[in-house]
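Asks: Pasting a structure here, questions to come.
The values are calculated or read from the model by the stated rules, or taken from the named source; none is laboratory data. Note that the coordinates shown come from a computational prediction; the quantities given were computed from them, not determined experimentally. Note that we place each Cβ from the backbone using ideal geometry, even for glycine, and neighbour counts take in every protein chain shown. All accessible areas refer to the heavy atoms of the entire protein, side chains included, with ligands and DNA or RNA removed. Shrake-Rupley method; radii C 1.70, N 1.55, O 1.52, S 1.80 Å.
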Amino acid sequence: MKNGRYSDAQIMSILKQAEGGVLVSELCREHGMSSASFYKWRAKFGGMDASMIFEMKNIAAENGRLTRMYAEMSI
């Protein structure tokens, strides 16, 4: 699985800056990312705090592990 360039804390700080009134184009230029990445993060992580993101990633990892386990059992 591909590791992201930005950590969860960095994503949260970028989203908080945008909520604070900084222009998206300015944030993208400052952090070296595309505006599509910003809007994808906002759709996925908007309104969450760091603990909620951590919990969501743990649940996704557990779901993947259970899916693989079920696939192995059905073979």
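Asks: Modelled label-to-label distance, Met52 and Met69, 7 Å Cα→beta-carbon offset: nm?
Replies: Roughly 2.8 nm, to one decimal.
Asks: Considering only protein heavy atoms and a probe of 1.4 Å, how much of the accessible area of the chain is carbon and sulfur, as a whole percent?
Replies: Using a 1.4 Å probe with all protein chains present, the chain comes out at 57 percent carbon and sulfur.
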